[in-house]
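To keep things clear, I will list the structure first and then write my remarks on it.
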Amino acid sequence: MEGIARTRIAAWGTALALVTGGVIGATTAATSPAGQGEAMKSAADATRAQVPQPRASATGSSQVMARAAARRAGRVTARWRGAINTSSRAAVNAGYWNRYASGLSVPTGYTGSDASCARGTVTAQSRAATLRAINYVRSLSGLYPVRLSSALNTRSQYTALMMSANKTLSHYPTSRWRCYSRTGAANAARSNLALGYPRITSAGVVGMYMKDAGAGNHAVGHRRWLLNPFTTVVGSGATETANAITVIGPRNNYRPNPAYVAWPPAGYFPNAIEPNGRWSLSTGNNRMSFSGAKVRVHRNGVPIRAVKLAVRNGYAMPTIAWQMPPRFSKAGRYRVVVSGIRLQGTKRKFTRRYSVVMFTPSR
């Protein structure tokens, strides 16, 4: 199970905790009495400046810059030309096994020590598996791949050590923390954070972030940062039980930016990575608002109940999330209609319709 919540929850004897930093602002221990559990945190509201926003007023050259920012905020494109063709079940299935599932059994290979506060590192195979998994979910979503930076990897490693040594998560750790470092603390506010017991795997942490489970993660912040269309470079660090992925860093506002990015995306989708019913739709236009939007879902032509979750901004692109019914079928064709998407400052409203065909991956 993957999960994050402001308060500890338990399922099948496993304590799960997941907190989104800044917005929720709580820190939850991720350990259970049995020493089992998983936890996550996503980058905080303080990072809203990373999303270009048009200024309300400006003069001279500042006004020109403001107009340019506004144009970028509304600039949308087609899917990345190299993205996986989600209308092909074979392509999606092959990508799942080659890029994602192949990393689920890859250990981190952590060489450091929580006891002695030795930062250590992870194996090249581990980092490659994490990156493949990130770029697989991005490719399904029509987004350009990201790459790893050795500098950001090092910062992420300091952050992961702090989370692991203290067995808890925070975007704002203090100098009283064990294994404290200024580098790790500063990087924590720019990262998705996760804990998993008895150990994490290199691709498994990506699944944790994409599921964004728990009552405190209705904003699906971790998912939104991994699916930020403008991100170019990330960093990843890990111990045996903790992971930090630096998601707020270098960006390119001219990367492919589809008008809409759904999770699960339109087309064929492997049910092995279905996010426990927590589905979402993001828009590439920062001026769009989901505050008054409505969600309708049909499975094989039969309506099913979808509960809209609170819309919260501050994590990459504007997004709406909803919860599917408990124990809903993870097979068949799902027709999704999101209506009432409004262009801010106008009375114009839009509707997004798409279909998801879930299947069980096979060799």
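Within the set of pairs 6+ apart or on separate chains, which have a first residue in region 136-151 that is among the aromatic types (F, W, Y), a second that is at pLDDT 95 or above, and C-beta atoms under 7 Å apart?
Here the result reads Y136/G95; Y136/R99; Y136/Y100; Y144/W80; Y144/R255; Y144/P256, each pair linking region 136-151 to a residue that is at pLDDT 95 or above.
When I248 is evaluated against the numbered criteria (1) of a type outside the set (G, A, S); (2) open to solvent by less than 10 Å² (accessible area, probe 1.4 Å); (3) outside any loop (DSSP other than H, G, I, E, B), which criterion, by number, is the only one it fails?
Condition (3) is where I248 drops out.
Check whether at least one residue in region 328-347 is free of Cβ contacts under 8 Å to residues at least 12 places away in the same chain and over 28 Å from S102 (Cα atoms), and report yes or no.
Within region 328-347, one or more residues are free of Cβ contacts under 8 Å to residues at least 12 places away in the same chain and over 28 Å from S102 (Cα atoms).
Would you please name the residue that is modelled with the highest pLDDT, looking only at residues in region 299-321 that are touching a helix residue (DSSP H, G or I) at 6+ places or on another chain (Cβ under 6 Å) and not hydroxyl-bearing (S, T, Y)? Before you say what the answer is, go through the steps one by one.
The first filter runs over region 299-321 and keeps only residues touching a helix residue (DSSP H, G or I) at 6+ places or on another chain (Cβ under 6 Å), leaving 314-316, 319.
Going one step further and asking which of them are not hydroxyl-bearing (S, T, Y), we end up with 314, 316.
Working: G314: 89, A316: 95.
It comes out as A316.
Output the number of the condition that A151 fails; it satisfies all remaining conditions of (1) closer than 24 Å to I248 by Cα; (2) touching a helix residue (DSSP H, G or I) at 6+ places or on another chain (Cβ under 9 Å); (3) part of a helix (DSSP H, G or I).
(2)
Suppose we filter region 131-158 for residues that are among the β-branched types (V, I, T) and within 19 Å of A90 (Cα to Cα); how many remain?
Count: 1.
So, in region 198-226, of the ones that are modelled with pLDDT under 95 and not in a loop (DSSP other than H, G, I, E, B), which residue ends up most open to solvent (accessible area, probe 1.4 Å)?
A215
Looking at region 227-241, which of its residues are closer than 15 Å to S156 by Cα and surrounded by 24 or more Cβ atoms within 10 Å (Cβ to Cβ)?
Of everything in region 227-241, those that are closer than 15 Å to S156 by Cα and surrounded by 24 or more Cβ atoms within 10 Å (Cβ to Cβ) turn out to be V234, G235, S236, G237, A238, T239, T241.
Look at N276 and say whether it is touching a helix residue (DSSP H, G or I) at 6+ places or on another chain (Cβ under 6 Å), under 28 Å from V233 (Cβ atoms) and at pLDDT 95 or above. I'd like the intermediate steps shown before the answer.
On the way: touching a helix residue (DSSP H, G or I) at 6+ places or on another chain (Cβ under 6 Å): yes; under 28 Å from V233 (Cβ atoms): no; at pLDDT 95 or above: yes.
When the stated conditions are applied, N276 does not pass them.
Taking region 296-327 only, how many residues are assigned to a strand (DSSP E or B) and open to solvent by less than 20 Å² (accessible area, probe 1.4 Å)?
Qualifying residue count, region 296-327: 5.
Is there any pair with a first residue in region 170-188 that is closer than 19 Å to S116 by Cα and a second that is open to solvent by 60 Å² or more (accessible area, probe 1.4 Å) and modelled with pLDDT of 95 or more whose Cβ atoms are under 6 Å apart and which are 6 or more apart or on different chains, and what are they?
S181/Y158; T183/R155; T183/Y158; G184/Y158
Among the residues of region 115-141, write down those that are in a loop (DSSP other than H, G, I, E, B) and either farther than 14 Å from G237 by Cα or among the aromatic types (F, W, Y) (or both).
Pass one, region 115-141, residues in a loop (DSSP other than H, G, I, E, B): 115-117, 119-123, 141.
Scanning region 115-141 gives A115, S116, C117, S141.
The values are calculated or read from the model by the stated rules, or taken from the named source; none is laboratory data. These numbers come from a predicted model, not from an experiment. When we count neighbours, we look across all protein chains shown, and the Cβ atoms used for this are built from the backbone with ideal geometry, even at glycine. Just so you know, the surface numbers come from the protein's heavy atoms only, side chains and all, with ligands and any DNA or RNA stripped out. Shrake-Rupley method; radii C 1.70, N 1.55, O 1.52, S 1.80 Å.
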